[in-house]
C-alpha cells in the first residue's frame, strides 16, 4: 500500500518549527480560578516520560491513531492515553516510547517507522515531562493488549478529529477547582487532558497539510 501523502508531508514538516504550546493550549482545561492555572514549563526535577503516537492507514485509505484506555487500577487509570510511560534508568526517550508500546499493546518496535518527535508536554500534577514520538505503521497492526495496563485498544480516524465534529466543552469539578474542559467525544470515556493537548499539535500539522492540498 502506497504511503499516505500526509505521512510524506510529516517527514519533512517535523524538521521545521512546530506549532508547539499554542497548539497544545487549544485543549487545555482552564480553571475558573485563574490562580489555579497549570504550569506548562517543566522544572529541572521533572520525571522524563515518553509516549508513542502510532498512526496507520486502514483499508479505506484513512489514517487512524491508536490510543489506549487504561485499566482502573494503575496510574491515569480509566483515562484514554497514548501508549507510553516513565523512562527507566539510562533509557533514551524513544526507547521508552517503543518499550512501553510493546509492553502495553504488543506493538513490535521493528514495524514502527519513527517520523520524529513533536513538542514535549509538562504534566504538572505528576511532575512528568512527556516526549511524544510519531510512529507510522505501513499496515493495520495486529495488537494484543496487556490486561494489567490496558482495558481497551481504541482507534480513531485522524480526519474525524480534525473536522471538530466530535469536539465539545464542559465544566467539570476537578481537584480543588472547576475547569472548562475541552474534549473529544469519541468514546464513553472522554479524550481530554495531556493526551488531547499532545494530539492537538498533530492535528494542527494535519490541518496545514489539508490547506497545502487545497482541501
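Rule-based calculations on the coordinates, nothing more; no lab input. Model, not experiment: these values are computed from the prediction. Cβ atoms come from the backbone with ideal geometry, glycine included; neighbour counts cover every protein chain shown.
Observations
- Value of [θ]222 nm, deg cm²/dmol, for the chain, DSSP H segments ≥ 4, -39500 (n - 2.57) each, nearest 500: -7000 deg cm²/dmol
- Net length available on complete extension from residue 176 to residue 30 is 51.3 nm, with 0.36 nm assigned per residue and the Cα-Cα distance removed.
- When only alpha carbons are used to place a centre, region 180-215 and region 19-65 end up 9 Å from one another.
- For a label point 7 Å along the Cα-to-beta-carbon line of residue 187, residues of region 141-180 with backbone N under 13 Å: 145-146, 149-157
- Residue 207 versus residue 3: modelled label distance in nm, points set 7 Å from Cα along the beta carbon direction: 2.6 nm
- With a Förster radius of 35 Å applied to the beta-carbon distance between residue 159 and residue 126, the computed FRET efficiency rounds to 0.65.
- Peptides 63-70, 122-129 ranked from most to least packed, by the mean per-residue count of other Cβ atoms within 10 Å: 63-70, 122-129.
- The modelled label-to-label distance for the pair residue 44/residue 103, using points 7 Å beyond Cα in the direction of Cβ, is 2.9 nm.
- Highest mean packing first, where packing is the average number of other Cβ atoms within 10 Å per residue, the peptides 191-204, 165-178, 131-144 line up as 191-204, 131-144, 165-178.
- Calculated FRET efficiency for the pair residue 72/residue 111, C-beta based, R₀ 45 Å, to 0.05: 0.95
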